[in-house]
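What follows is a single structure, written as C-alpha cells, with notes after it.
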Amino acid sequence: MTRVLILTVPRVAPMRPAAAPAIIKGILNKLDIDNKIFDINLDYFNNFKNSVDPDTFNHVDEYLFVDKKELTKEQLSALHAFIDQWIDKIIQHNPEKLLISVFSWQAQRFTVELLTRLRPQTNIEVIVGGQGLIREENGSYSAIPRFAHYLKNNKLIDHWIRGEAETTVPEIMRGNYDVAGVDTDFLAKYSNIKDHSYMDFTDFDILSYQSGYSDGVLPMETSRGCVRNCVFCDIPTMQGGFRFKTGEQLANEMIHYYEKYNVRSFFFHDALCNGSVKDFRKFNTLLLEYYEKNNLPDRYFKYSSHAIVHSQQQFKPIDFEIMGRAGADTMVIGVESGSDKVRADMRKNYVGADLDYNMAEYSKHKIQVYFLIIVGFPTETREDFELTLKMLKDNQKYVADGTIIGVNLGTTLTIEEGTAMYNEPEKLNIIGINGQRPQGPDWRCIDNPGLTYKERIMRRLEAQEYAVSLGYTFWKGDDQIKVMTDKYQERLRRLAGVIH
Amino acid sequence: MKLDITLAVERRLGDPLLKIIVDDYLTLADGPALEEYHFDLHIPDEPHSLKIIHHGKTVEDHQLDSNGNIEIDKHVEIKSILMDDIALERELWDGKFFPVYLHKADTEPYFICPNLYLGHNGTWQLEFITPAANWLIAGRKHGPKLEGTIFKTNQEILKSAKAFFKDLPDV
C-alpha cells in the first residue's frame with residue numbers, strides 16, 4: 001500500500017520535474033515509507049491542454065492565476081472533470097497521507113478547487129507545503145502563511161508545513177506534529193544541507209517536460225540562502241544564512257543522477273550557484289576529472305542556474321573557462337538595472353564594469369545568459385531608466401552572438417514581506433498608499449514623486465517594446481501584462497472607485 | 001557602424017592591392033593589403049553592400065613548382081569581419097566573389113560562393129543591413145522558441161496594454 005501520495009499541482013511551468021516532491025520522496029525513502037508522486041501539473045499542461053479547445057484552456061489557465069477571472073459553466077465543468085479524474089486515482093490508492101506541494105501563488109486556486117472536491121469524499125490526511133502557502137505574489141516570505149490559514153479554517157487541510165521538509169516530514173511520519181514549521185506561522189528549523197539525501201525522480205516522466213533538451217532536465221540545489229542581501233529580496237529571511245554543498249558533494253550528486261536517470265542537463269533552482277567561489281571551482285574541476293576518467297568530452301553535462309555577478313578579483317577568467325568546459329549552459333543573472341546608483345541602492349554589490357567583464361567572459365566561453373531586470377525601483381529616475389535601456393542596447397551584441405537568450409522584466413518592483421525594503425522602508429524614504437504600510441505595488445518614494453505606479457508600468461512597457469525592437473527574446477510578457485493590468489484595475493477599484 | 005576586417009595576406013611575391021568600398025561610393029581603403037582594418041562608418045540604417053576588391057595581380061604573381069603546381073599565389077583571404085563588435089559567422093559565407101579571369105573558360109563560374117579566398121583579381125561582395133546587430137539577430141534566430149508556450153510575448157498584447165494604460169487615471 002502507498003502510505004504517502006505526493007502531488008504536484010498546476011500552475012507551474014512544465015520545464016522540468018519539481019524539486020520539492022522529489023526531495024520529500026528522498027526523505028520518505030530514507031525512512032523506508034512507501035510513497036508515490038502524482039504529477040498533476042504535467043498532466044494539466046500535456047494532456048488536459050490538448051483535451052479541450054484552446055479557448056477553453058486559455059480561460060481555465062487564466063482562471064488559475066488572474067484574480068478576478070471567472071469561468072463559464074462549461075469552462076468550469078472542463079476543469080472539474082480534469083480534477084475529478086485525479087481524485088478518483090487518489091481515492092483508489094487510499095493513502096494514509098496526501099502531501100501537496102503548492103509551488104507558488106499560481107498553484108493556489110487549483111489547490112482550492114481540488115481540495116473542495118476531494119474533502120467531502122475521503123478522510124485521507126491532507127498536508128500542504130511550499131512557497132504557495134503565502135498570499136504574496138512576488139516573494140517567498142510572509143510572517144503569516146495566509147493561504148495555509150485559509151485552507152485550515154475552511155477545513156480543506158489537516159496540516160501545513162512551513163519551510164524545510166528535511167526537519168518536518170520525518171517528525172510527521174513519526175506522528176509528531178508538535179514541531180516548528182508544522183501548523184506554525186514561524187518557519188521550520190533549518191537543515192544541514194550537507195546531510196541532504198539525493199532527490200528521487202523515479203515517479204516523474206522526465207522526458208515529457210517541455211525542457212528543450214532531448215534527454216530531459218532535472219532540478220538540483222547547490223545552496224540555501226544567499227551570500228548577498230539585496231533590499232528587494234526575501235531569501236535571507238526565508239532561508240536563513242548561506243549554506244552550500246561542498247563542490248565534491250555537488251559533483252557526486254550530479255553524477256548520481258546521470259548514472260541513475262541518464263539525464264545530462266540540470267537546473268540549479270536555488271538563489272545562486274557561484275556563492276562559494278571555492279566550492280564552485282571544485283565542483284567544475286571534479287566534473288572535468290569525471291569526463292576525463294570516463295573518456296567523455298567537455299560539456300558532457302549541462303547545468304543552468306541563477307548566478308551573481310562577481311568582480312574580476314573574485315571570479316577569475318580561469319573560473320569562467322572551467323565553468324564553460326564543465327558544462328555551464330545558461331546563467332540567470334539578476335542584473336536588475338543599468339544604473340550603478342540604483343544597483344547600489346538595491347545592494348546588488350556590483351557595478352556596470354563587473355557586468356561587462358562577466359558578459360565578455362560568458363560570451364568567450366559560450367555560456368548563455370538570461371537577464372532579470374527590475375523596472376521601477378523606488379530611486380529609479382528617468383535618467384536611471386534610460387541607463388537600463390542603454391544597458392540593453394550595449395548588450396545587444398550578446399543577443400546577436402547567442403550569449404543572451406532572454407530577458408525578463410517582471411511586473412515592476414513590488415515590496416514583499418521579509419525584505420529589507422519592507423522592514424525598513426524609511427531607509428529609501430518609501431511610504432505606503434493612504435497611510436498603509438508600503439507593500440506590493442502600493443508604495444511611493446518621497447524623494448522620487450514622479451515614479452507613480454502608472455509611471456512604473458509605462459516604463460516597464462516601454463522597456464519591453466525596446467527590448468523586443470533590439471531582438472531580445474522576451475519571456476513571459478503576456479502573462480506579466482495580464483498581471484499588471486489585473487493589479488492596476490484592482491487598485492483603481494480600491495482607490496478611485498472606478499470599475500472596468 | 002564599427003567595421004573590423006582581418007585578412008591573411010600572401011605578400012611573398014609583393015603586396016596584393018585592395019580596395020574596400022561600401023555602397024560603391026564610400027571608399028574605405030585603397031592600396032597595399034593590410035592584415036587588419038578598423039573603420040567607423042557613418043551610414044544610414046538601410047541595406048548596404050560591402051565590396052573587397054582585389055586588383056593589380058598579373059600572370060607573374062604566382063609561382064609554380066617543378067610539377068607545374070602553384071607554390072605561391074599572391075592573394076588575400078578573409079579571416080573575419082566584425083560589425084559593431086559582432087563577428088560574422090555563417091553570414092560571411094554568403095559573400096560572393098566575382099573573379100576577373102585572365103583567360104575565362106566556359107566552365108568557370110560567374111561568381112564563387114561560398115568563398116573567402118581572393119586569388120583572382122575580382123570583387124568579393126556582401127550585402128548587409130544596418131543596424132548590423134538587428135540584421136544579424138533577425139537572420140540567426142538564436143534562443144528558444146516561445147510561441148505556443150506559457151512564456152510567450154505577443155506584440156499585439158503589448159500594444160493594447162500601452163493604449164489601455166495611457167488613458168487610465170494615475171492613482
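The values are calculated or read from the model by the stated rules, or taken from the named source; none is laboratory data. Everything quoted here is computed from the prediction, not taken from an experiment. Counting neighbours? That spans all protein chains shown, and the Cβs are built from the backbone with ideal geometry, glycine included.
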Which of the residues belonging to the range A:28-48 are surrounded by fewer than 18 Cβ atoms within 10 Å (Cβ to Cβ), part of a helix (DSSP H, G or I) and touching a helix residue (DSSP H, G or I) at 6+ places or on another chain (Cβ under 9 Å)?
A:LYS30, A:ASN46, A:ASN47
Residues that are part of a helix (DSSP H, G or I) and of a type outside the set (D, E, K, R), drawn from the range A:139-155
A:PHE147, A:ALA148, A:HIS149, A:TYR150, A:LEU151, A:ASN153
Are any of the residues in the range A:67-89 farther than 29 Å from A:ALA22 by Cβ, under 23 Å from the mean Cα position of the chain (by Cα) and surrounded by fewer than 21 Cβ atoms within 10 Å (Cβ to Cβ)?
yes
Suppose we filter A:ASN448, A:ASN434 for residues that are in contact (Cβ under 8 Å) with a residue 24 or more places away in the chain, over 17 Å from B:LEU158 (Cα atoms), within 11 Å of chain B (Cβ to nearest Cβ) and more than 25 Å from the chain's Cα centre (by Cα); which single one remains?
A:ASN434
For B:ALA132, indicate whether it is more than 7 Å from chain A (Cβ to nearest Cβ) and in contact (Cβ under 8 Å) with a residue 60 or more places away in the chain.
yes
State which residue is farthest from the other protein chains (Cβ to nearest Cβ) when the search covers only the range A:478-500 and only residues that are touching a helix residue (DSSP H, G or I) at 6+ places or on another chain (Cβ under 6 Å) and surrounded by 16 or more Cβ atoms within 10 Å (Cβ to Cβ).
A:MET484
Heads up, the helices (runs of 4 or more DSSP H) in the range A:339-400 (entirely inside) with at least 1 residues that are within 12 Å of chain B (Cβ to nearest Cβ), under 20 Å from B:ASP84 (Cα atoms) and in contact with a helix residue (DSSP H, G or I) (Cβ under 6 Å, 6 or more places away or on another chain) are A:352-364, A:382-394, A:396-400
Evaluation of A:GLU462 against (1) modelled with pLDDT under 95; (2) within 23 Å of B:GLY143 (Cβ to Cβ) (one fails), failing number
(1)
Suppose we filter A:TRP443, A:TRP475 for residues that are within 27 Å of A:GLN239 (Cβ to Cβ), facing another protein chain (nearest Cβ under 7 Å) and either buried (at least 20 other Cβ atoms within 10 Å of the Cβ) or touching a residue at least 40 places away in the same chain (Cβ under 8 Å) (or both); which single one remains?
A:TRP475
Could you go through the range A:295-302 and let me know if any residue there is touching a Cys at 6+ places or on another chain (Cβ under 9 Å), touching a residue at least 12 places away in the same chain (Cβ under 8 Å) and under 18 Å from A:ALA19 (Cβ atoms).
no
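This table checks each residue for (1) aliphatic (A, V, I, L, M); (2) closer than 15 Å to B:ALA132 by Cβ.
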residue: B:ASP4; (1), (2): no, yes
residue: B:ALA8; (1), (2): yes, no
residue: B:GLY14; (1), (2): no, no
residue: B:ILE21; (1), (2): yes, no
residue: B:LEU26; (1), (2): yes, no
residue: B:GLY31; (1), (2): no, no
residue: B:HIS42; (1), (2): no, yes
When you scan the range B:133-146, do you find a residue that is surrounded by fewer than 17 Cβ atoms within 10 Å (Cβ to Cβ) and assigned to a strand (DSSP E or B), even just one?
no
So which pairs qualify, if the first residue must be in the range A:224-239 and at positive phi, the second must be of a type in the set (S, T, N, Q), the Cβ gap must be under 8 Å, and the two must be at least 6 apart or on different chains?
A:GLY225/A:GLN239
